[in-house]
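Novice: Dropping a structure here in structure tokens format, bear with me for questions.
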Amino acid sequence: MSKHHSQSFGGGSALADPPRAPHQASQDTGFFGHPRGLSTLFFTEMWERFSYYGLRPLLVLFMAAALAQGGFGFDRAQASAIVGIYGSLVYLASLPGGWVADRLLGLRRAIWWGAVLITAGHFSIALSGFAGPGTAGKVTFFLGLLLIVCGTGLLKPNISAIVGDLYPEGGARRDAGFSIFYMGINLGAFAGQLITGILGEKVGWHYGFGAAGVGMLIGLVVYTLRANATLGDIGLEPTRNPDAGVQRRQENQVKLVLAVLAALIAVAFILGATGAIALDAQVIGSYMTYVLVGTAAVYFANIFMFGGLNGDEKKRVLVIVVLFVFAAIFWSAFEQAPTSLNLFAADFTDRDVGGFQVPATWFQSVNSFFVITLAPLFAALWVSMARRGRELSSPAKFSAGLIFAGVGFALMIVAANRVVAGGGNVLVSPWWLVASYFFQTVGELCLSPVGLSSMTKLSPRKYVGQMMGIWFLASSVGTLIGGLVGGHVDPEKLDQMPRLFTTTTLSLVVAAVVLALLAIPIRGMMRETPKASS
């Protein structure tokens, strides 16, 4: 999927580092005019996204499936909340993942260990089927999710940072390199959901999970065999302090923090697995939302009061706060794809095509298909509008993204009401979901690239890395909320469905209108310095 996933996480320090001396690996043009190292990163990331998106839509269907169908028999609200927590933690793990690479492992080793953990996590989930639906099976399953979270935290921020390091000269060639890299992300997401979907739904849940693991294993093998030959010395060493004593203290600090975190996670996992403490995913997710939003509020307040910012910088940070809020609203709707919209496809959509029942998870690939086909058109559109002096400001593009997503969910209100009118016995046309995903993807292409670009333009130079982390915190909050509300699609509770889609639509539309009204003062703040031009 494109959106914030395809934009990936840049390593914190990599964003703020001055241009480096050209690496030998950056000089060759053996991969369609780009460094051969890009091919290594392209295929590694493609297979990682294959595994991540291949697994994600199966999760809620598997956990909510009855025991007789091979699932866990969880309440839908609980299953959906677990998916939201999992997705949220994937984003959060990328923040310490970049820090560990910078201070201890180096980018390359962080990527390798990340791929190892992700592979182990997928196979742990796949093998949980042999342990049955009891405690042993659940422990193996959730251990797998935990390993994937940790592994993704190490891999995602650092593989993007190395892509940037392949182009020390920057410029258009670097932008083209990232475009190729993002194409690999969407190809992986598109193929992953098709393959794991048909295996998981038609053959057996754990065959789908295993296929996702095989995908990541292929990515790990590609990276292991090709990294040294194609990446040269890029990312081999962490950022080192010239003072050996300071460097040693920094490494010990990282090791201590990791040890404490590992111990806390292990204790919590054991207590939950043994039933010593009762775990309610919805309650945990709700408290996580408060913590994440509170963290963002405290961070911004600290920057304003004690960050040493001048007047112009404070105005630009205020714009970041506004964009943060509206981005979180957008992602809370968009990230219902693996939960509410996935369940709608499974329960209330006519998926019969010539006697073949299309797997519900295949609808998750529609977004990737539209991203692959529409992204070049949107890139050309923005360039054309700028050339004619009609370029939209960042807030205007954000507002448009919210409106388009709102249209997508408005369509789902109509579809849901048809299901309710038929007493839950009516299957609606699949084109309702396809059209909804189309408008959501258009919204994504308006908002997501603009959000990342705005962060780099608006952030005070000394806080660029931190601001990028805060930006992805908005994605984390949105993903969490999307999971918490996504369980309201249930054949036993039909009346909840139209309410969910109506609330989502109104939230998006109201947010779009409010942001449109704020666009003029925000544009003024962004234009007060050349760096922050809209």
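The values are calculated or read from the model by the stated rules, or taken from the named source; none is laboratory data. Everything numeric in this text was worked out from a predicted model, so none of it was measured. Here Cβ is always computed from backbone atoms with ideal geometry, including for glycine, and neighbour counts include all displayed protein chains. Accessible surface is based on the protein model in full, side chains and every heavy atom, while ligands, DNA and RNA are left aside. Shrake-Rupley method; radii C 1.70, N 1.55, O 1.52, S 1.80 Å.
Novice: Grab the eigenvalues of the alpha-carbon gyration tensor for the range 411-475, scale each by 5, take roots, and send me the semi-axes largest first in whole angstrom.
Specialist: Listed largest to smallest, the semi-axes of the range 411-475 are 41, 12, 7 Å.
Novice: Let me ask something additional. May I ask you to give the percent of accessible area on the chain that is carbon plus sulfur, with a probe radius of 1.4 Å?
Specialist: Working: 14420 of 21290 Å².
Roughly 68 percent, rounded to a whole number.
Novice: How large is Rg over Rh for the range 283-323, taking Rg from the Cα atoms and Rh as the Kirkwood inverse mean of 1/r across Cα pairs?
Specialist: Over the Cα atoms of the range 283-323, Rg/Rh equals 1.13.
Novice: Tell me, what is the percent relative contact order of the chain, built from C-alpha pairs under 8 Å that lie six or more residues apart? Can you show the working numbers first?
Specialist: Details: 886 pairs, mean separation 127.3, N = 534.
Across the chain, relative contact order equals 24 percent.
Novice: Taking H as built 1.01 Å from N, whose amide H comes closer than 5 Å to the amide H of Thr349, not counting residues under 5 places away?
Specialist: Here Val428 satisfy the definition.
Novice: Further question: Using a basic spin-label model with each label point 7 Å from the Cα along Cα→Cβ, how many nm lie between Asp243 and Ile284?
Specialist: In this crude label model, Asp243 to Ile284 measures out at 4.1 nm.
Novice: Here's something else I'd like to know. Give me the one-decimal Kirkwood hydrodynamic radius in Å for the range 433-534, with the sum taken over alpha-carbon pairs.
Specialist: When all Cα pairs of the range 433-534 are included, the Kirkwood radius is 16.3 Å.
Novice: While we're on this one: Take the Cα pairs of the range 153-205, get the Kirkwood Rh, then feed it into Stokes-Einstein at 20 °C and 1.002 mPa s and tell me D in µm²/s.
Specialist: For the chosen part, D equals 163 µm²/s.
Novice: Report the calculated FRET efficiency for Ala131 and Asn417 (r = Cβ-Cβ distance, R0 = 41 Å), to the nearest 0.05.
Specialist: 0.45
Novice: Let me ask another. Taking H as built 1.01 Å from N, whose amide H comes closer than 5 Å to the amide H of Phe31, not counting residues under 5 places away?
Specialist: Arg36
Novice: Take the Cα radius of gyration of the range 251-374 and divide it by 2.2 N^0.38 Å, with N its residue count; two decimals is plenty. Let's see the in-between values first.
Specialist: Numbers: Rg = 22.0 Å, N = 124, 2.2 N^0.38 = 13.7 Å.
Ratio of Cα Rg to 2.2 N^0.38 Å: 1.60.
Novice: If you don't mind, there's one more thing I want to ask. How many nm is it between the label spots at Thr456 and Ala262, if each spot is 7 Å from the Cα in line with the beta carbon?
Specialist: 3.5
Novice: Further question: For the range 149-287, report the accessible area per residue in Å² (1.4 Å probe, heavy atoms, rounded to an integer).
Specialist: 47
Novice: I would also like to ask the following. Can you list the lysines whose alpha carbon sits under 25 Å from that of Lys156, skipping same-chain ones fewer than 8 residues off?
Specialist: Partners found: Lys3, Lys255, Lys457, Lys462.
Novice: In addition: Largest first and to the nearest Å, give the Cα extent of the range 295-346 along each principal axis.
Specialist: Sorted from largest, the Cα extents of the range 295-346 read 53, 19, 8 Å.
Novice: First measure r as the distance between the Cβ atoms of Asp495 and Val434, then evaluate 1/(1 + (r/R0)^6) with R0 = 30 Å and state the FRET efficiency to the nearest 0.05. Write out the running numbers ahead of the final one.
Specialist: Numbers: r = 25 Å, r/R0 = 0.84.
Efficiency for this residue pair is about 0.75.
Novice: Moving to a separate point now. If the viscosity is 1.306 mPa s and the temperature 10 °C, what translational diffusion coefficient in µm²/s does Stokes-Einstein give for the chain when Rh comes from Kirkwood over Cα pairs?
Specialist: 67
Novice: Which residues in the range 186-227 have a backbone N closer than 16 Å to a point placed 7 Å from the Cα of Val353 along the Cα-to-Cβ line?
Specialist: Backbone N within reach: 190-199, 201-202.
Novice: Please report, to one decimal in angstroms, the Kirkwood hydrodynamic radius of the range 362-436 built from all distinct Cα-Cα pairs.
Specialist: 14.8
Novice: State, to one decimal in nm², a quarter of the convex hull surface area for the C-alpha atoms of the range 110-173, i.e. the direction-averaged projected area.
Specialist: The directionally averaged projection comes out at 4.9 nm².
Novice: Taking a temperature of 25 °C and a viscosity of 0.890 mPa s, what whole-number D in µm²/s does Stokes-Einstein yield for the range 203-301 with Rh from Kirkwood over alpha carbon pairs?
Specialist: Taking Rh from Cα pairs, D becomes 129 µm²/s.
Novice: Still on this structure: Averaged across orientations, what area in nm² does the convex hull of the alpha carbons in the range 114-246 project?
Specialist: 11.0
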